[in-house]
Amino acid sequence: MKLLLPLLLLLCCTAFTHAQTDSTSTDSTATPSGISFGKGGFSLGASSPSVTLKKPTITMLYGVSGVSIHGNTSTINTVGSIDVGFGGVRVRPIDKENTVGEVSRTGLLLGFFSPEYTSKTDTTKPIVKGWKIGFLNTSGYAYLDTDKEPTLSLLHEGSIVWTSVNSTIPAGNLDGPSITAFDHSYFGYQTGAIVRYNVTNGIALDAQWQRGVLYNDFSFFGWVGSVLIEQIGVGLLDGMVMDGMKKKSVKSLPVANLILRTALSFGFSELRRSTQHFPFKSSSPMIFDGFRIGTSISF
């Protein structure tokens, strides 16, 4: 587990460097088949075909999140969060008229969270604060303008994160042990829905719902098994619904994909609320639920 953080940093920095190297390209060949991050999560199989647009992008977000642990009776202070993402955005038109494009982004994310970033901190309630770093991964579809630039992007997030937590527990709080169990650094993931509107070429406004899941007593094989089960659901959704919409109703694809992928991820995260490696026996995770707004700048 101690090697996981350096590995994440290496993967993220490599992805961002690759995006910068290819930022002026207008086309590229597909990479070999294998394990990849796609559709807002893990996927197995061939990677995306050639792309028509690649741009390094920086995203800055601020939001407020509720914090909870299944079975706890006390209320944890709401936290404010400041997140920054660095990565490359890729856009590939999928219809003959070039009105809808497939969008993907990978890179590095860094965030800080604390009740101090909100308007009020209640010292009679437990406090959690800390930071996170991880591998940013978003994907979805966008409506394109005549220059094949995204105007409105509807995206799904499925990022890997490593989170460091420091908690403060009021005297006599019975939920203290379950909260302090997450102190120090732990592995997890975050999922969510993103609506991105391009104000001008290179500047966009973001609105996002995000759920972060922080594991306790992490089990690698339990995690892999749970992820594979979810990806079976993603594969069925793509094969039975999305592929058909690409052929028959491509203009409805961005909205349908956002709703269905977010619903699927939300459902699995609910199943993991009490059993973090569902369906395998495991501990309850710490959940961060909130909304974020911000801006993305592309170069």
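Rule-based calculations on the coordinates, nothing more; no lab input. Keep in mind that what you see is a predicted model, and the values were worked out from it rather than measured. Every residue, glycine as well, gets a Cβ built from its backbone with ideal geometry; the counts of neighbours run over all protein chains shown.
With the Cα gyration tensor of the range 47-185 in hand, convert its eigenvalues to equivalent ellipsoid semi-axes via √(5λ) and list them largest first in whole Å.
Equivalent ellipsoid semi-axes, largest first: 40, 14, 13 Å.
In debye to the nearest 20, how big a dipole does the range 120-189 give about its Cα centre with +1 on each Lys and Arg Cβ and -1 on each Asp and Glu Cβ?
The dipole of the range 120-189 has a size of about 300 debye.
What is the magnitude of the charge dipole of the range 76-176 about its Cα centre, with +1 placed on the Cβ of each Lys and Arg, -1 on the Cβ of each Asp and Glu, and no other charges, expressed in debye to the nearest 20?
Roughly 280 debye for the range 76-176.
Shape of the range 147-299 from its Cα gyration tensor (a ≥ b ≥ c, root eigenvalues): rounded if a/c is under 1.5, otherwise prolate when a/b > b/c, or oblate?
Oblate shape, in that a/c is at least 1.5 and b/c is the bigger or equal ratio.
What is the fewest-to-most order of GLU102, GLU116 by other Cβ atoms lying within 10 Å of their Cβ?
Lowest count first: GLU116, GLU102.
Could you list, in their original order, any pairs among LYS55/LYS96; LYS132/LYS246; LYS148/LYS251; LYS54/LYS96; LYS54/LYS251; LYS54/LYS129 whose Cα atoms are separated by more than 25 Å?
LYS132/LYS246; LYS54/LYS129
Hey, got the dipole for the range 231-299? About the Cα centre, +1 on K and R Cβ, -1 on D and E Cβ, debye to the nearest 20?
About 140 debye.
Can you pull out the chymotrypsin sites (Phe, Trp or Tyr not before Pro) in the range 222-287 that DSSP calls coil and that have at most 11 other Cβ atoms within 10 Å?
Those that pass, being in a loop and sparsely packed, number zero.
On alpha-carbon atoms, Rg over Rh for the range 108-188 using Kirkwood Rh?
Taking Rg over the Kirkwood Rh, I get 1.19.
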